[in-house]
Each structure stands twice: as structure tokens, then as C-alpha cells.
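Below is one structure, written out as C-alpha cells; the observations come after it.
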Amino acid sequence: MFDVERDWNEFPKFRHNLWTTFADNPDLTYLTVSHGKFEVLTSDAREFLKIRGFCTGHNSVDQISEKSGFSSAKVREIVDSLAAGDMLRRKARPFRDLDPLEVQGMLLAAAGIWAEQLRETHIAVEVFNGDVSHRVAIGWLLETYHYIKAFPSAIDIAAGAASGELRSVMEEYANQERGHEQFVEDTLVRLGLTRDEVRTSTPLVTTRLIDLLMKEMFVTTPQAALLVAAIVEADDFEEDELPSLSRQFTQHYGVDQDALDPLFRHSMIDAELGHGELAERYRHLLTFGNEHELNDMVNKLHDLKHAFDAQKLEIKEYYSREGNYFPRQVVDYFAI
């Protein structure tokens, strides 16, 4: 077990929940869980978020009251309202009693939630909205170059750890992804960098972290690569939005209208290959030998999503800081 089994009504702990408020309708917040999406008044959402951090299963309702400043009655009211929406953490069942089809459906639902959150929070959103500097926008593309370049080697590890049909699927996936960093390199050249500058640059620590987290996960649960594809490939651009994105990028950063064409071409190739649908197509391969293997993979998938959040912060911090090398340089023996 990953945690102590408790009475979740008395020691509240909730199912994985995401809360999103959009600027065009700030009075409503959207609560996303694996079994659906709900509209909540933002005022009610804020009340819950004030106690959420204490709802770890280690604090009673009275302890949450003491730590949050809310009355016990108010905490109980919030907990009961969420319990009515099936938000309390589910009671653990023996692994042998889990229905494989239920497990597959739940994993696909979780991947869908994290894919949606990544689309909404990815740094690309801020780039195309013009909320970052030209240098940060280029920095995002440099990190995208390194991420895409490393990705096939992570899938190779999944292929090496897999067998049978899953191995064949992973080998094909890796081969289809290989060399795709060329599209981002071509984009960066159009934006003023030289090929030598791009190829000799080194990724930020969080970009390396994303790669390492995937490799760590795939060596023990290669089937996780299907769910990673469902999360990260869903972040690709939609074809009908490309002209608008090109105009926005040109307007905000003063570049040629066709500067992003190679990047968008890569996105369309991935869409045609159907990588975002791999998990659904091969859901029957999402099988697990024991409870630890399943739980460990889910936790690492969640870590991976947060690694992209951390990458966003590091891209903005590194590429906006005066004096940092641009592109980031390798520090080898002769540099010290």
C-alpha cells in the first residue's frame, strides 16, 4: 500500500482533483476528476483549496479545522459536499480483485486529465499569447528541440524492457519519432540561430529530468509509454489553429510569417501517425503483475506531469535572466 488505509470521512483524503479558473469567466471554476468535470462557484473552490493541503489522510476534521482556521462544522460541510460527488479517495481493494478493464479505463481517464491540464498550462500557451519575451520564446523552442531529440531513446528503453506485441509497438513508435528534432532545428534557424548553436547547446535541468523520469518509468513498466504518449502527444497543435498561431507569433515577436512552418509540420506528422491514440488502440496491453507496479507507475506519471510544470518555470527563469548563456552551453572539463 502507498499509504495507511483510513476512514476518509474522518481523516479526509480526496481522489486526484484539478481546479481551473479561466480569465474570461472568473466566477466559475472547473473541477476535473477521473469520473467527470464539474462547474463550481469560484468562491466555493477557494474555500476548499484553503483546506485541501491538510487533507492528506493524516489529519482529522478537527485537526484540519485547527490548521486552516475554519470551524469543524465548515470543514465537515466542505468534506460532505465533495463526498456527495464521489470525491473521497476510494477504499483500496486487493489487487487480485481489480477488474483489468476497469484499471485500463481509469488509467486512460487519468492520462486524459493530465493531457488536458498540460494543454492548458504549457508554456506554449504563454508564448503564443505574447506573455513572454522573444528570448524566452526561443528558449522554449531550444528545450523542445532537446526534448524531442531525447524522446526516441526513452521509447527504446520501453521496447527493450517489453516483449511480444508491446515490444513491436514500442519499436515502431521509437522509429517513427527518430530524427524529428530536425523540424525544431529548422525552425530555430529561421528564427536566427545557427545549426551549430542549436546542436552544441545543452538542455536545462528540467528538460533532462523529463527524459530521466520517462526512462526510469519505462525500464520497469514499459506499457507506461502508451500513457505517456496519450499525455504528451495530445499537446500537439490542431491543424485549424495553425494560421492563427503563426499570426500571433509574428505579431508578438516580429518574425517572418512562415518561421514556425517546420515546427507545425512536425505536429501534423505526429497527428497523422496517431501517436496520441496509441494508449486507446493498445489499451489491452495496459496490464500489471502486482499492486506496487501499478501504483508506482501512476505516481511517476503524475511526477512527469509536474516535471513539465517545473520546466516551464525554469525556461522562463533561465532565458529571461541577464548574463545566462544563450543558448545554454555545455560545461566540460576545459570549461572549469
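The values are calculated or read from the model by the stated rules, or taken from the named source; none is laboratory data. Values in this document were obtained by computation on a predicted structure and should not be read as measured data. All Cβ positions, glycine included, derive from the backbone under ideal geometry; neighbour counts span all protein chains shown.
What about Ala84, is it free of Cβ contacts under 8 Å to residues at least 12 places away in the same chain and of a type in the set (Gly, Ala, Ser)?
Considered against the rule, which asks whether it is free of Cβ contacts under 8 Å to residues at least 12 places away in the same chain and of a type in the set (Gly, Ala, Ser), Ala84 comes out as yes.
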Residue check: is Arg195 over 16 Å from the mean Cα position of the chain (by Cα), surrounded by fewer than 20 Cβ atoms within 10 Å (Cβ to Cβ) and not acidic (Asp, Glu)?
-> yes
Members of the range 82-97 found to be part of a helix (DSSP H, G or I) and surrounded by 14 or more Cβ atoms within 10 Å (Cβ to Cβ), listed by number = Leu82, Ala83, Phe95
Output the number of residues of the range 174-208 satisfying the condition of being within 19 Å of Arg265 (Cβ to Cβ) and assigned to a helix (DSSP H, G or I).
-> 15
Taking Thr250 as the residue in question, decide whether it is closer than 21 Å to Glu143 by Cα and free of Cβ contacts under 8 Å to residues at least 24 places away in the same chain.
-> yes
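Looking at the structure I just gave you, is Lys305 touching a residue at least 24 places away in the same chain (Cβ under 8 Å), closer than 30 Å to Thr194 by Cα, out of contact with any strand residue (DSSP E or B) (no Cβ under 7 Å at 6 or more places or on another chain) and not aliphatic (A, V, I, L, M)?
In short, no.
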Checked the range 99-113 for anything of a type outside the set (Val, Ile, Thr) and touching a Phe, Trp or Tyr at 6+ places or on another chain (Cβ under 9 Å); matches are Pro100
For Val75, all conditions in the list (1) assigned by TED's automatic domain parsing to the domain that holds Leu294; (2) touching a Ser or Thr at 6+ places or on another chain (Cβ under 9 Å); (3) over 22 Å from Ala224 (Cα atoms) hold save one; what is the number of the exception?
-> (1)
Report, by residue number, each residue of the range 12-57 that is at pLDDT below 90, touching a strand residue (DSSP E or B) at 6+ places or on another chain (Cβ under 7 Å) and more than 16 Å from Ala84 (Cα to Cα).
-> Leu18, Trp19, Thr20, Thr21, Tyr30
Any residue in the range 51-76 that's within 23 Å of Arg90 (Cα to Cα): show its pairings with residues that are β-branched (Val, Ile, Thr) and assigned to a loop (DSSP other than H, G, I, E, B) at Cβ separation under 8 Å, as long as the two are six or more apart or on different chains.
-> Gly57/Val4
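Any residue at all in the range 289-304 that's part of a loop (DSSP other than H, G, I, E, B) and within 22 Å of Ala124 (Cβ to Cβ)? So that I can check it myself, show each step before the final result.
The initial filter retains those residues of the range 289-304 that are part of a loop (DSSP other than H, G, I, E, B), namely 289-290.
In the following step, the residues that additionally are within 22 Å of Ala124 (Cβ to Cβ) were identified as none.
No: the range 289-304 contains no residue that is part of a loop (DSSP other than H, G, I, E, B) and within 22 Å of Ala124 (Cβ to Cβ).
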